[in-house]
Amino acid sequence: MAVLQLLVLLTLANAAPVAASRLCGDLWRQPIDGGLRLRDEAPLFGRSKTWRGLAAATLACALAAPALGLAWTLGAQVGALAMLGDLAASFVKRRLKLPAGARAPRLDSLPEALLPAWCLREDLGFGTGEALLAALGFVLTVRLASPLLYR
């Protein structure tokens, strides 16, 4: 049951920044990296990684967690950690010189799922196996849903 709860929160964390972008337009669209570029001339994270997205994912998961039988604070942690994992993936993609918006299937979703699953495994009552199963489940969910969502 806890794996399914986490999968729902991860999916929500993944969708909330996109929904917030569509609802808010340019409002609160400040990039987390402030436009910083590193020695490789690539952005630290990129323009699409915004404070609005981080807040949307954290808030959406905090609000949804009680409906799933989890504490709102645990939901907020899932949302924030998922976005930190997403930032890590974005950082790696920029170092690999992948353009903004380029898809890298496992890199796009694995850190976003693995970071909260691993860091919160005790709070969720997970062992190592469940944390890995939840991360794999999210990667597969994104992999199957992405073609439909990109249309």
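List of remarks:
- Some residue of region 11-24 being touching an Asp or Glu at 6+ places or on another chain (Cβ under 8 Å), within 19 Å of ALA145 (Cα to Cα), in contact (Cβ under 8 Å) with a residue 24 or more places away in the chain and β-branched (Val, Ile, Thr): no
- Unmet criterion (only one of (1) free of Cβ contacts under 8 Å to residues at least 40 places away in the same chain; (2) in a loop (DSSP other than H, G, I, E, B); (3) open to solvent by 50 Å² or more (accessible area, probe 1.4 Å)) for LEU4: (2)
- Annotation note: of LEU107, LEU63, LEU12, LEU81, the sole residue that is at pLDDT 90 or above and within 22 Å of GLY129 (Cα to Cα) is LEU81.
- In region 81-101, the residues that are of a type in the set (Ser, Thr, Tyr) form Cβ pairs under 7 Å with partners that are assigned to a loop (DSSP other than H, G, I, E, B), at six or more places apart or across chains, as follows: SER90/PHE45; SER90/GLY46; SER90/LYS49.
- Flag if ALA64 is under 12 Å from LEU6 (Cα atoms) and either more than 16 Å from the chain's Cα centre (by Cα) or not β-branched (Val, Ile, Thr) (or both): yes
- Those residues of region 17-31 which are open to solvent by 40 Å² or more (accessible area, probe 1.4 Å), at pLDDT below 85 and outside any helix (DSSP H, G or I), in sequence order: ASP26, LEU27, TRP28, ARG29
- Within region 42-60, tally of residues that are modelled with pLDDT of 95 or more and among the β-branched types (Val, Ile, Thr): 1
- Segments classed as helices (runs of 4 or more DSSP H), wholly inside region 71-151, with at least 1 members that are touching a Lys or Arg at 6+ places or on another chain (Cβ under 8 Å), more than 21 Å from LEU54 (Cα to Cα) and polar (S, T, N, Q): 128-149
- Listed by first and then second residue, the pairs linking a residue in region 127-140 that is closer than 15 Å to ALA82 by Cβ to a residue that is open to solvent by 90 Å² or more (accessible area, probe 1.4 Å) and in a helix (DSSP H, G or I), with Cβ atoms under 9 Å apart and 6 or more places separating them unless they lie on different chains, are ALA131/TRP118; ALA134/LEU4; ALA135/TRP118; GLY137/LEU4; VAL139/ARG106.
- Condition met for ALA145 (on the phi < 0 side of the Ramachandran plot and surrounded by fewer than 20 Cβ atoms within 10 Å (Cβ to Cβ)): yes
- Within region 32-51, the set of residues being charged (D, E, K, R) and either open to solvent by 90 Å² or more (accessible area, probe 1.4 Å) or under 30 Å from PHE126 (Cα atoms) (or both) comprises ARG37, ARG39, GLU41, ARG47, LYS49.
- Tally of residues being farther than 13 Å from ASN14 by Cβ and crowded, with 20+ Cβ neighbours inside 10 Å across region 59-71: 3
The values are calculated or read from the model by the stated rules, or taken from the named source; none is laboratory data. Only a predicted model underlies this, so the values are computations on that prediction, with no experimental measurement involved. All Cβ positions, glycine included, derive from the backbone under ideal geometry; neighbour counts span all protein chains shown. The protein model used for the area step is the full one, side chains on, heavy atoms only, and it has no ligands, DNA or RNA in it. Shrake-Rupley method; radii C 1.70, N 1.55, O 1.52, S 1.80 Å.
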